[in-house]
Amino acid sequence: LVGITRARCIDRHREVTEENGPTAANRAFRHLRACWNSARGRYEEMPEHPVGRARGNKKFPWNKTRRRREPVAWGDLPAYWAAVEALENPVRRDLRHVLLLTGLRSLDARTIRWEHIDFDAGTLHRPTPKGGADRAFTVPLSAHVLQILAHRQMDNQRWFSSDAGWAFPTRDRSGSVTHVQEAKEQRYERREDGTYSKVGSLPSPHRLRDTFATACRESGVGMMETKALMNHRLPEEDVTEGYIRLSEEHLRGCQERVTAF
């Protein structure tokens, strides 16, 4: 690691920016910084990472990026729903509906296992979401989402001798059953010159998360409830809010309100 110089990092950051875009470049070097800091915690002789400040208090040349906020417009939602219904793969259709109606992160939705769902209590448990086991959470589901999952459980039996416990199963290249690896829906067609163009793509799963958050707001769900449903960290700096623990039934009512909206 100590052979990686600041000058090399700046040059490589510029190359990745040109080849893969500003967001990818920033992400790659934040990962490098995290790895470096982990090693530095073990080896005291390591210098400060090369992505830190340089002499003269000059900062690393991070790319300026903006956070994307692109919910599906309400006027476009019927067309989006119709496009999902037109998908040939029923597993992917149901996955898309669950993503939209729960606001789950893509990985949290794709890795749902049947033991994570309590159909009697109407809840879903995510044992290792973003942030790891310390951020595990259980969230109530709306009746409509529970119906989708119950149908998925029955339908899996038609297509797989065993779904291996996955709510949204697929087969890998070796033929083994695993969970859906990618929730994006993008199709490409080959041009006459041999290149490909993207056609028929649907919004990414994170845009559906934007849509869910917006629906929470416009259907009258409070910000604290929205954070709880989306597994965002609840505010701790406010003394009063620190006392509040939202009940499962209250959050279930919020889920139902968003689904109805």
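The values are calculated or read from the model by the stated rules, or taken from the named source; none is laboratory data. Not measured: the values here are computed from a predicted model. Every residue, glycine as well, gets a Cβ built from its backbone with ideal geometry; the counts of neighbours run over all protein chains shown. For the accessible areas, the whole protein counts, side chains as well, though only heavy atoms, and no ligand, DNA or RNA atoms are used. Shrake-Rupley method; radii C 1.70, N 1.55, O 1.52, S 1.80 Å.
For Ala136, the conditions (1) within 30 Å of Leu234 (Cα to Cα); (2) in contact with a helix residue (DSSP H, G or I) (Cβ under 6 Å, 6 or more places away or on another chain) all hold with the exception of (2). For Lys184, the stated conditions do not hold, so it cannot be described as surrounded by fewer than 19 Cβ atoms within 10 Å (Cβ to Cβ), in contact with a Lys or Arg (Cβ under 9 Å, 6 or more places away or on another chain) and either within 22 Å of Glu88 (Cβ to Cβ) or modelled with pLDDT of 90 or more (or both).
Test Arg12 against the stated conditions and say whether it is assigned to a helix (DSSP H, G or I), open to solvent by less than 90 Å² (accessible area, probe 1.4 Å), out of contact with any Cys (no Cβ under 7 Å at 6 or more places or on another chain) and not hydrophobic (A, V, I, L, M, F, W, C). No, not satisfied. Of all residues in the stretch 144-162, those satisfying the criterion of being out of contact with any helix residue (DSSP H, G or I) (no Cβ under 7 Å at 6 or more places or on another chain) and more than 20 Å from Glu182 (Cα to Cα) are Leu146, Gln147, Ala150, His151, Met154, Gln157, Arg158, Ser161, Ser162. Within the stretch 91-114, being in contact with a Pro (Cβ under 8 Å, 6 or more places away or on another chain) and among the small types (Gly, Ala, Ser) holds for Ser106, Ala109.
Can you pull out every residue in the stretch 120-142 that is in a loop (DSSP other than H, G, I, E, B) and at pLDDT 95 or above? Answer for the stretch 120-142, where residues must be in a loop (DSSP other than H, G, I, E, B) and at pLDDT 95 or above: Asp120, Ala121, Gly122, Pro127, Leu141, Ser142. Pairs linking a residue in the stretch 195-217 that is over 21 Å from Leu101 (Cβ atoms) to a residue that is at pLDDT below 90 and acidic (Asp, Glu), with Cβ atoms under 9 Å and 6 or more positions apart or on different chains, are Tyr196/Glu189; Ser197/Glu189; Lys198/Glu189; Val199/Glu189; Gly200/Glu185; Gly200/Glu189.
Do we find a residue being open to solvent by 50 Å² or more (accessible area, probe 1.4 Å), within 29 Å of Thr138 (Cβ to Cβ), of a type outside the set (D, E, K, R) and not in a loop (DSSP other than H, G, I, E, B) anywhere in the stretch 107-114? The answer is yes; a qualifying residue exists. The residue that is least open to solvent (accessible area, probe 1.4 Å), among those in the stretch 156-171 that are without any contact (Cβ under 8 Å) to a residue 12 or more places away in the chain and under 23 Å from His97 (Cα atoms), is Arg171. With respect to Arg66, is the statement that it is part of a helix (DSSP H, G or I) and over 14 Å from Leu208 (Cα atoms) true? No, not satisfied.
The single residue among Glu19, Glu44, Glu70 that is in contact (Cβ under 8 Å) with a residue 12 or more places away in the chain, of a type in the set (Asp, Glu) and on the phi < 0 side of the Ramachandran plot turns out to be Glu70. Only one of the numbered conditions (1) open to solvent by 70 Å² or more (accessible area, probe 1.4 Å); (2) over 30 Å from Ala260 (Cα atoms); (3) in contact with a Leu (Cβ under 7 Å, 6 or more places away or on another chain) is violated by Phe119, and that is (2).
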